[in-house]
Every structure is written in C-alpha cells, then in structure tokens.
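See below for the structure under consideration.
The values are calculated or read from the model by the stated rules, or taken from the named source; none is laboratory data. Here the structure is a predicted model, which is why all the values come from computation and not from measurement. For neighbour counting, all protein chains shown are included, and Cβ atoms are generated from backbone atoms with ideal geometry for every residue, glycine included.
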Amino acid sequence: RVNNIKRMLAENRPIINGWLAIPSSYSAEIMGHQGYDAVTVDLQHGMIDFASALTMLQALSATSVVPLVRVPDGTPAQIMRVLDAGAYGVICPMVSTAEQAQRFVSACRYPPQGIRSFGPARGLLYGGADYPQHANREILTLAMIETREGLTHLDEILETEGLDGVFIGPNDLSLTLTGAASAESTHPEMLSAIERVVSRCREKNKIAGIFCTSGAAAAQRIAEGFNFVTPANDVMQLGRASREAIALARGN
Ligand code: 3PY
Ligand code: MG
C-alpha cells in the first residue's frame with residue numbers, strides 16, 4: 001500500500017491530520033470517516049496504552065486516512081512496535097539533536113538503511129504482502145521540534161537521511177522559549193522560531209508540520225507555509241462542540 005500523504009505532499013497539497021487522545025477504537029473510527037488525510041494516535045499525551053492503540057489503528061484502517069502514531073519517546077523498541085501494529089508514520093517527540101533524529105529514523109527503517117527488526121505483523125495486513133519491500137520508502141518520519149536545543153540543531157536535524165520533516169510542538173516550544181505554553185503564542189521569539197522552521201523546511205524540501213488548536217488556526221498556519229497541520233485533538237473538539245451546543249441551548 002502506498003502512503004497517500006507522501007503522494008499528496010509531492011503534489012504540494014497540505015495534509016490535514018486528526019489527533020486522537022481518547023483511548024477508543026470507536027472515536028478513532030469516527031475521526032477516520034471525517035475527511036482527514038491522516039489521523040495520529042497519540043501515545044505521548046493521549047490516555048492510550050498499546051492495546052488500545054492497536055484497536056484504534058485497526059479502526060483507522062477501515063477508513064481512507066493514513067494511520068500515524070506519536071510515540072511517547074524515541075525508544076527504538078517502542079517505535080518498532082507501533083510500526084508492527086500498522087502505523088504508516090511515526091511522530092517522535094522532543095527531538096533535540098541530530099543523533100536523536102538519526103536514532104529515530106533508523107528505528108523506522110529495515111537494514112541496510114536502519115536497525116528495524118523484522119516482524120511486520122499487522123503492518124503486513126495493512127501494508128500488503130510486499131510490505132517488507134516498500135516499508136522503508138512508505139513509512140513517514142516526523143521529528144518534533146519543541147525544545148530550545150532542537151531549534152538550535154534544526155539544520156543538522158533536517159539533514160538526517162530518511163527524515164521526512166519536522167512537526168512543531170508549539171506548547172512545549174513556547175514553554176521553553178517564553179515560559180508559557182501556548183499553541184498560538186505571538187511572543188516575538190516564538191514567531192521568529194516558527195518562521196525559521198518553515199523557511200528551512202522549504203529550502204530543504206522537508207515537511208513543515210505543527211499542532212494547532214482549531215481549524216481557523218490551522219488555515220493560518222497553512223498560509224504561513226506549513227504543509228502538515230493538526231486542527232486540534234479529539235478532546236478539544238469534543239469539549240468545544242459541547243460548550244457551543246450548551247450555550248446555544250441556553251440561548252446565550
Ligand atoms: C506541543 O504543543 O508541545 C505538542 O506536543 C502538541 O501535541
Ligand atoms: Mg509537546
């Protein structure tokens with residue numbers, strides 16, 4: 001199976017990526033049917049264990065979205081496990097150095113490109129019988145830039161062989177740069193950091209991704225040059241839709 005996200009990016013089409021923090025195959029299935037290009041199962045800050053992630057990936061693969069996973073950290077065993085479970089891309093948090101980026105990508109690639117151990121399991125069911133032959137090419141790798149050190153080493157990180165791009169964690173990044181976590185911070189240091197990431201990614205033809213808190217904020221990021229945006233997660237969307245419905249029902 002080809003990775004549609006890679007094809008879309010090659011055609012300069014931005015990716016709209018859903019984000020799952022609720023441990024439910026049913027909500028994964030619902031999100032998979034809404035028109036996203038990709039949906040990410042978040043094992044870092046989502047309330048999701050591996051057993052739930054497996055059923056969520058199964059639910060997503062009943063839809064047309066590309067199933068991605070954000071791993072809790074860059075531990076190779078963890079990365080290999082979600083790939084075996086059928087993730088077609090991995091988002092790795094807190095990548096601060098070129099060595100960490102290299103270790104991350106290497107865990108996603110079979111030899112000779114990397115150190116991924118063989119045992120594709122569900123990856124084979126989702127990716128097809130020829131998965132072992134094309135997995136290295138189709139699996140998407142995004143390193144999260146969300147530390148001051150990651151920003152400092154951005155150029156070396158982007159040079160990592162096989163890395164498809166970066167995904168900004170604006171909460172962590174603004175927390176470290178400005179002392180306050182805010183996904184749409186307008187602090188001058190954040191604005192210049194974000195501008196720098198976008199322009200470097202464009203120069204090097206890499207994916208520039210970012211987490212956003214709404215569809216409007218995601219549209220703004222696309223206008224700024226991002227080509228991979230997440231318009232809030234399931235928890236935020238559920239809460240917001242509820243508050244709006246309640247306010248309307250109360251007539252205020
Ligand atoms: C951040 O904003 O730090 C993130 O990791 C988004 O999920
Ligand atoms: Mg973060």
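Sub-6 Å Cβ pairs linking a first residue in the stretch 98-118 that is within 12 Å of Asn136 (Cβ to Cβ) to a second residue that is surrounded by fewer than 18 Cβ atoms within 10 Å (Cβ to Cβ) and modelled with pLDDT under 95, at least 6 apart or interchain, number zero.
If you go through the stretch 60-86 and pick out every residue that is part of a helix (DSSP H, G or I), surrounded by fewer than 24 Cβ atoms within 10 Å (Cβ to Cβ) and of a type in the set (A, V, I, L, M), you end up with 2. Residue-level check: of (1) without any contact (Cβ under 8 Å) to a residue 60 or more places away in the chain; (2) assigned to a loop (DSSP other than H, G, I, E, B); (3) farther than 27 Å from Ser64 by Cβ; (4) not hydroxyl-bearing (Ser, Thr, Tyr), Val95 misses just (1). Take Glu149 and tell me if it is away from ligand 1 (no atom under 16 Å from the Cβ) and either surrounded by 20 or more Cβ atoms within 10 Å (Cβ to Cβ) or assigned to a helix (DSSP H, G or I) (or both). Considered against the rule, which asks whether it is away from ligand 1 (no atom under 16 Å from the Cβ) and either surrounded by 20 or more Cβ atoms within 10 Å (Cβ to Cβ) or assigned to a helix (DSSP H, G or I) (or both), Glu149 comes out as no. Taking the listed residues Asn3, Asn17, the one that is touching a residue at least 40 places away in the same chain (Cβ under 8 Å) and more than 16 Å from ligand 1 (Cβ to nearest atom) is Asn3, with no other qualifying. Given the structure, is Leu163 away from ligand 2 (no atom under 16 Å from the Cβ), at pLDDT 95 or above and within 16 Å of the chain's Cα centre (by Cα)? When the stated conditions are applied, Leu163 passes them. Number of residues in the stretch 115-130 that are assigned to a helix (DSSP H, G or I) and either at pLDDT below 95 or surrounded by fewer than 19 Cβ atoms within 10 Å (Cβ to Cβ) (or both): the value is 3.
Answer yes or no: is there a residue in the stretch 177-192 that is hydrophobic (A, V, I, L, M, F, W, C), away from ligand 1 (no atom under 13 Å from the Cβ) and crowded, with 16+ Cβ neighbours inside 10 Å. No, the conditions are met nowhere in the stretch 177-192. Scanning the stretch 170-198 for residues that are without any contact (Cβ under 8 Å) to a residue 40 or more places away in the chain, farther than 15 Å from Asn12 by Cα and touching a strand residue (DSSP E or B) at 6+ places or on another chain (Cβ under 9 Å) turns up Leu173, Ala183, Glu184, Ile194.
Among the residues making up the stretch 4-59, a single one is of a type in the set (D, E, K, R), over 19 Å from Ala208 (Cα atoms) and assigned to a loop (DSSP other than H, G, I, E, B): Asp49. Given Gly46, Gly74, Gly35, which one is over 22 Å from Ala135 (Cβ atoms), within 16 Å of ligand 1 (Cβ to nearest atom) and of a type in the set (Gly, Ala, Ser)? After ruling out the rest, the residue left standing is Gly46. Taken as a whole, the stretch 237-248 holds no residue that is within 16 Å of ligand 2 (Cβ to nearest atom) and either part of a helix (DSSP H, G or I) or surrounded by fewer than 18 Cβ atoms within 10 Å (Cβ to Cβ) (or both). The requirement of being in contact (Cβ under 8 Å) with a residue 12 or more places away in the chain, more than 21 Å from Ile5 (Cα to Cα) and either away from ligand 2 (no atom under 16 Å from the Cβ) or crowded, with 21+ Cβ neighbours inside 10 Å (or both) is not satisfied by Gly225.
Taking the stretch 119-152 as the range and being in contact with a strand residue (DSSP E or B) (Cβ under 9 Å, 6 or more places away or on another chain) and more than 25 Å from Arg1 (Cβ to Cβ) as the test, the residues that pass are Met144, Ile145, Glu146, Gly150, Leu151.
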